[in-house]
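The values are calculated or read from the model by the stated rules, or taken from the named source; none is laboratory data. Predicted model only: the values in this text are computed from it and were never measured. Heads up, the Cβs are rebuilt from the backbone with ideal geometry, glycines too, and the neighbour counts pull from every protein chain shown. Only protein heavy atoms, including side chains, enter the accessible area calculation; ligands, DNA and RNA are left aside. Shrake-Rupley method; radii C 1.70, N 1.55, O 1.52, S 1.80 Å.
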Number of protein chains: 2
Amino acid sequence: MKDTILDERTKRVLCAVVESYIEKPEPVGSRYIMKKYGFDVCSATIRNIMSDLEDAGFLFQPHTSAGRVPTDRAYRFYVDYIFQKNLISQTSEIKKFIENLTKKLKRLRNNMDSLFLEATQSLSQATKYLGLALLPATEKTALHRVDFIKFKDDLVIAVIVNDKGIVKSKIIRAYHEITQKELNSLADFVNKNYQGKTIDEIREDLLIRIKQEKLFWDKLISKILKMCQEALYFSKEDVYVSGLYNIMQLPDFSDIEKLKEVAKTIQDRHLLIKLFENISEDEEVKVIIGQENPIKEFRSFSIIASPYKEKDRSLGVIALVGPKRMDYQKAIILVNAFAKSLTRTLSD
Amino acid sequence: MKDTILDERTKRVLCAVVESYIEKPEPVGSRYIMKKYGFDVCSATIRNIMSDLEDAGFLFQPHTSAGRVPTDRAYRFYVDYIFQKNLISQTSEIKKFIENLTKKLKRLRNNMDSLFLEATQSLSQATKYLGLALLPATEKTALHRVDFIKFKDDLVIAVIVNDKGIVKSKIIRAYHEITQKELNSLADFVNKNYQGKTIDEIREDLLIRIKQEKLFWDKLISKILKMCQEALYFSKEDVYVSGLYNIMQLPDFSDIEKLKEVAKTIQDRHLLIKLFENISEDEEVKVIIGQENPIKEFRSFSIIASPYKEKDRSLGVIALVGPKRMDYQKAIILVNAFAKSLTRTLSD
DNA sequence: ATTAGCACTTGAATATGAGGAGTGCTAAAG
DNA sequence: CTTTAGCACTCCTCATATTCAAGTGCTAAT
C-alpha cells in the first residue's frame, strides 16, 4: 500500500466507481465512468487514475481486460467520504419519515413483540436487505414485577415483567416442596425491595445476601435466594430477523452459496448475538464492511447498526445486513431513522 | 388416463423408478431399472411397461430420448403401496429410536420452548428436510393459573400459565383505573372457578356470564369479564421451523427459485398455520404430495405430518416439508416416531 | 499532464460436432 | 400373445473452436 493521500479528482473517480458498482454489480470501465459521471477528461486519464487506485488497494480487476470492482477498502473510503461530506445528514424529508414511522410504531408500543417485528420487517421492506433487531437485554431493564407460580412437584414458574411490559418466564426447580403462599410472600419480598431496579442490580444484591445468609443464618433462606437468583438469569437475548426473502431477490445472492452462508448465520442465534456485542452503544451509526467484521461469518456482508435508547439508557440495537455493495447512503439514513424512531417510541 | 389396474410386475417397475429417482434425481432408463432392481426380463419389456405407465399418467418423459421421471401420481401410488405392504411398520430398531428420543425430550419437558426447538431441529437433522411443529393451541390447553398485573395507567398485563407450563402474556386495556388489589381478586376469581378447564371452555362460560350481567346486573362487572375474555384470546398459534440450511443442501434446491418459494412460505406464518389446518387430528400420519396440497404455495413440495397428543387429547402437529422426491419411507417412519415420542413426553 | 490511437487480452456468447444414453419400432423367437 | 434382439433415431451433454465486444496498457503526439 503506497501513500494514500488522494487528490480530489481521484476521490471523485473512486466514489463514481463505487456508486456505479452499487447500482449495477458489474466491473466498471473507464469510459463508462467518464461519460456517466461527467468527467471532462478522456477515458485514458480515468484509466490511469483507476490503475493508481488499484495499486493503492482500492480497486480490483477480475482479469486483465475487465473493468474494475471496488475492494472493501474502497467501500470504507466511500462511507467515510459521504459522512465527511455530510451526504447523510437529516433532510426534512427524513424528518417526516421518522415522524410517520414513529406514529406507526407508537401504536404498537404496548406490545414489544409486534413492535420489533414491525420495525425489522419494514426496515427490510424499505431497503431490501435483512433487518435485525436486538431486543432490550432483560438484565438491563428495570423490574416491574415478579411472580412465582407453583407448578408441579418442586417446579416453580417465575414470571418476570419488566418496565417495558415484556414478560419473561422461566421454569425453575425449588428442590423442596414449597407452597403457593410461601411463593407469594417471596414474590412480595422481591417486588417490595427491588421494583424499579435493573435485573443486573438485583442479582448482584441477591448475591451479597446469599453470602451473608450462608455465613450467619438460615440455609433455607439462602436456598430461596438462590432460586430467585436463578429465576432472574436469562442466557439468551431475543433477536428479530426479517427479510430473508427480500435478500434472496438481490443479484448478489443469485449464487446459492452466499445464500447458504446467510441462512447458516441467521439460524445460529448465538452468532447474531455475538454480532451485536461488537456494536458500541454510544456511536450513532456504525458501519462494518466485509473484512472489518470481527466475526468471520459476516465477512462477506456489510452491516449498518444503530443503538436505540430509552431517554439516555441504551436498550438494544437495530441493524441491517446486506451485500458489501449495498446502498450505504440510503441504508445509513434509514437505520438511523429507525433507531431514532424506536428511541422516541420507547422514551415517549 | 386409461384403466389403472396395474399388475404386480408393473407396480414393481413403478416403485423401482420412484425409488431410483428418490435416490438420484435423474431421469430413469429401462436398462438401469432392469439391472439395478434385478428384473428377469430384458430392457425392451421394461421399456414397454414404462411406456404404459407414461400413458397412465405415472411417468413423464422430459424429452423423447431421455429416461422417465415420476409424476405426483407415481409418488402417491408409491406411498400407498408401501403403506399397504406394511413397509413402514415399527421395527424394533424404531422402537429403540423412539425410546432414546423420548429420553432426550423428557429432559426438556419443563420448557416447551426448548422442547419443540429440539424436536424440529433433530427431525430436520435426521432427514435433511424442513422440520415444523405447531405448538399446542393455547385455547385447547387447560388453565393452570392466571395473573393480572397492573402496568401503566389503565394497562394490565395478563399472564396465563397453562397446564403444560407454557406462559403467555398479553397487554390489555382496562378502560378504567383499576388497582392491583382488584386485579388480584379478579385473578383469584378466575383461578378458583376455572383452573383445569380449557381456555376455550372458559371463554365460552365467560361469554354466558357477560350476557347475564349485561341483562341484570352491574355494567362494571360486565366490563371486567370482557377484559378477561380479551385476555384469553390468542390469535396466533406458535410454529417452530428448523432446517432451512439443511434443505438448501439438497440438489432439488440448487435452483434458487425453489428456495425463494420456501423462504417466502415459511416467512408467512399465516400460511404455515393454514397448512396445519388441513391436517386431520385422527390420522396417524398424513402424506400430502405436491399438487394434492390445498395450499398452492406448497404444491412443489411434499409434506408428512402427524399429530401428537396428551393422552387422548390432540395437541398439535409435527411435520416435515421436503421435495416431492423425498425419502418417504424414512420420512414417514421418523415423523411418526417423533409424534409418538412427543405424545409420550407430554402424556408422561 | 493529458490525449489519441492501437495492439492485446479475456470472458461471454455462439456455433459445431462427437459421443452416448435411451427410446420406439419391427421382426423373430418362445 | 408376450418377450426379446436388433437397430435406427432423437436429443442432450460436453468439449472445442470461433467470433465479438469491452476494456486495458502502452506509446507517441499534443
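Yes or no, residue by residue, for (1) hydroxyl-bearing (Ser, Thr, Tyr); (2) in contact with a helix residue (DSSP H, G or I) (Cβ under 7 Å, 6 or more places away or on another chain); (3) surrounded by fewer than 12 Cβ atoms within 10 Å (Cβ to Cβ):
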{"site": "A:Ser65", "(1), (2), (3)": "yes, no, yes"}
{"site": "A:Pro70", "(1), (2), (3)": "no, yes, no"}
{"site": "A:Phe77", "(1), (2), (3)": "no, yes, no"}
{"site": "A:Asp80", "(1), (2), (3)": "no, no, yes"}
{"site": "A:Phe83", "(1), (2), (3)": "no, no, no"}
{"site": "A:Leu87", "(1), (2), (3)": "no, yes, no"}
{"site": "A:Lys96", "(1), (2), (3)": "no, no, yes"}
**Study point:** Residue match in the stretch A:66-89 (condition: more than 16 Å from DNA strand C (Cβ to nearest atom), within 14 Å of chain B (Cβ to nearest Cβ) and free of Cβ contacts under 8 Å to residues at least 24 places away in the same chain)
**Key:** no
Study note, to complete from the structure: In the stretch B:39-62, anything more than 9 Å from DNA strand C (Cβ to nearest atom) and assigned to a loop (DSSP other than H, G, I, E, B) is listed as B:Phe39, B:Asp40, B:Val41, B:Cys42, B:Ala56, B:Gly57, B:Phe58, B:Pro62
Review point. Do we have B:Thr120 as modelled with pLDDT under 90 and more than 16 Å from DNA strand C (Cβ to nearest atom) here?
Key: no
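Condition first: modelled with pLDDT under 95, open to solvent by 30 Å² or more (accessible area, probe 1.4 Å) and either within 16 Å of DNA strand C (Cβ to nearest atom) or in a loop (DSSP other than H, G, I, E, B) (or both). Can you find one or more residues in the stretch B:10-22 that meet it? Reasoning before the result, please.
Of all residues in the stretch B:10-22, those modelled with pLDDT under 95 come to none.
So far as the stretch B:10-22 goes, no, none of its residues is modelled with pLDDT under 95, open to solvent by 30 Å² or more (accessible area, probe 1.4 Å) and either within 16 Å of DNA strand C (Cβ to nearest atom) or in a loop (DSSP other than H, G, I, E, B) (or both).
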Point to revise | Which numbered condition B:Arg173 misses (of (1) within 12 Å of chain A (Cβ to nearest Cβ); (2) within 16 Å of A:Asn184 (Cα to Cα)) | key: (2)
**Study point:** Unmet criterion (only one of (1) within 26 Å of A:Asn293 (Cα to Cα); (2) within 13 Å of DNA strand C (Cβ to nearest atom); (3) open to solvent by less than 40 Å² (accessible area, probe 1.4 Å)) for A:Pro25
**Key:** (3)
Check your understanding: Using beta carbons and a limit of 9 Å, which pairs, at least six apart or on different chains, have the first residue in the stretch A:37-51 and closer than 14 Å to A:Glu8 by Cβ and the second one within 13 Å of DNA strand D (Cβ to nearest atom) and in a loop (DSSP other than H, G, I, E, B)?
Key -> A:Ile49/A:Val41
Revision key, fill the gap. Scanning the stretch A:282-322 residue by residue, those assigned to a loop (DSSP other than H, G, I, E, B) and more than 12 Å from A:Thr343 (Cβ to Cβ) turn out to be A:Asp282, A:Glu283, A:Val285, A:Asn293, A:Pro294, A:Ile295, A:Arg299, A:Ser300
Revision key, fill the gap. The one condition A:Asp55 fails out of (1) open to solvent by 30 Å² or more (accessible area, probe 1.4 Å); (2) within 7 Å of DNA strand D (Cβ to nearest atom) is (2)
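Scan the stretch A:41-51 residue by residue and report those that are more than 9 Å from DNA strand D (Cβ to nearest atom) and either in contact with a strand residue (DSSP E or B) (Cβ under 6 Å, 6 or more places away or on another chain) or under 25 Å from A:Gln329 (Cβ atoms) (or both).
Filtering the stretch A:41-51 for residues more than 9 Å from DNA strand D (Cβ to nearest atom) gives A:41-42, A:45, A:49.
Within the stretch A:41-51, just A:Ile49 meets the criteria.
Answer yes if at least one residue in the stretch A:261-277 is hydroxyl-bearing (Ser, Thr, Tyr) and in a loop (DSSP other than H, G, I, E, B), and no otherwise. Explain how you work it out, then say what you get.
As a first pass, look at the stretch A:261-277 and keep what is hydroxyl-bearing (Ser, Thr, Tyr): A:265.
Of the ones still in play, those that are also in a loop (DSSP other than H, G, I, E, B) are none.
Within the stretch A:261-277 (the criterion being hydroxyl-bearing (Ser, Thr, Tyr) and in a loop (DSSP other than H, G, I, E, B)), the answer is no, since none of the residues qualifies.
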**Study point:** All positions within the stretch B:238-267 that are more than 11 Å from every other protein chain (Cβ to nearest Cβ) and touching a helix residue (DSSP H, G or I) at 6+ places or on another chain (Cβ under 6 Å)
**Key:** B:Val239, B:Tyr240
**Study point:** Residues being touching a helix residue (DSSP H, G or I) at 6+ places or on another chain (Cβ under 6 Å), more than 9 Å from every other protein chain (Cβ to nearest Cβ) and more than 30 Å from A:Ile303 (Cα to Cα) - total across the stretch A:131-170
**Key:** 4
Practice item. For A:Ser347, state whether it is crowded, with 23+ Cβ neighbours inside 10 Å and more than 13 Å from the chain's Cα centre (by Cα). Key: no
Exercise for review: Please work out if B:Arg31 is open to solvent by 60 Å² or more (accessible area, probe 1.4 Å), within 19 Å of B:Arg73 (Cα to Cα) and either of a type in the set (Lys, Arg) or within 14 Å of DNA strand D (Cβ to nearest atom) (or both).
Suggested key: no
